[in-house]
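Colleague: I have a structure I would like to understand better, so I am pasting it below and will then ask my questions one at a time.
Read the figures in this text as sums done on the coordinates, not as results from a lab. This is a predicted model, so every value here is computed, not measured. Here the Cβ is made from the backbone with ideal geometry for all residues, glycine too, and neighbour counts use every protein chain on show.
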Amino acid sequence: MQVDGNALAGILEDGFGLDLTGSRGRCAGCSGIAVLATAVVVVTPMGTVARCAACEHVLITVVTGGGRTWIGLPGLSAIEVSAIEV
Ligand SMILES: [Zn+2]
């Protein structure tokens with residue numbers, strides 16, 4: 001089933017404590033910068049894959065099994081978040 005990046009909202013919030021779908025990310029494939037909610041997301045029984053809407057590079061993978069979830073960010077070279085005090 002193909003959906004938009006908003007389908008990642010709950011997964012990313014559970015994993016990172018933030019809803020990142022409104023954040024912009026840089027695609028490692030084409031260097032394009034876009035809001036994560038615009039990613040093309042495919043949900044299958046095997047897992048979830050989010051691809052860049054511009055070049056189809058795999059941005060995010062999510063696999064769940066055995067009570068654990070693995071979130072991969074193979075195609076995001078950066079994610080924009082609010083300023084963090086360091
Ligand atoms: Zn891209």
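Colleague: For the stretch 57-79, how many residues are free of Cβ contacts under 8 Å to residues at least 24 places away in the same chain and near the ligand (Cβ under 9 Å from one of its atoms)?
Modeller: Residues that pass the stated criteria total 0.
Colleague: Between ALA83, ALA53, which is outside any strand (DSSP E or B) and in contact with a strand residue (DSSP E or B) (Cβ under 7 Å, 6 or more places away or on another chain)? If you could, list the steps in order and put the result at the bottom.
Modeller: Details: ALA83 fails: in contact with a strand residue (DSSP E or B) (Cβ under 7 Å, 6 or more places away or on another chain).
That would be ALA53, the only listed residue that is outside any strand (DSSP E or B) and in contact with a strand residue (DSSP E or B) (Cβ under 7 Å, 6 or more places away or on another chain).
Colleague: If VAL41 meets every condition in (1) under 14 Å from LEU76 (Cα atoms); (2) surrounded by 14 or more Cβ atoms within 10 Å (Cβ to Cβ); (3) within 16 Å of the ligand (Cβ to nearest atom); (4) among the hydrophobic types (A, V, I, L, M, F, W, C) apart from one, which number is that one?
Modeller: Condition (1) is where VAL41 drops out.
Colleague: Can you spot a residue in the stretch 20-30 that is under 12 Å from ILE79 (Cα atoms), away from the ligand (no atom under 16 Å from the Cβ) and without any contact (Cβ under 8 Å) to a residue 24 or more places away in the chain?
Modeller: Checked the stretch 20-30: at least one residue is under 12 Å from ILE79 (Cα atoms), away from the ligand (no atom under 16 Å from the Cβ) and without any contact (Cβ under 8 Å) to a residue 24 or more places away in the chain.
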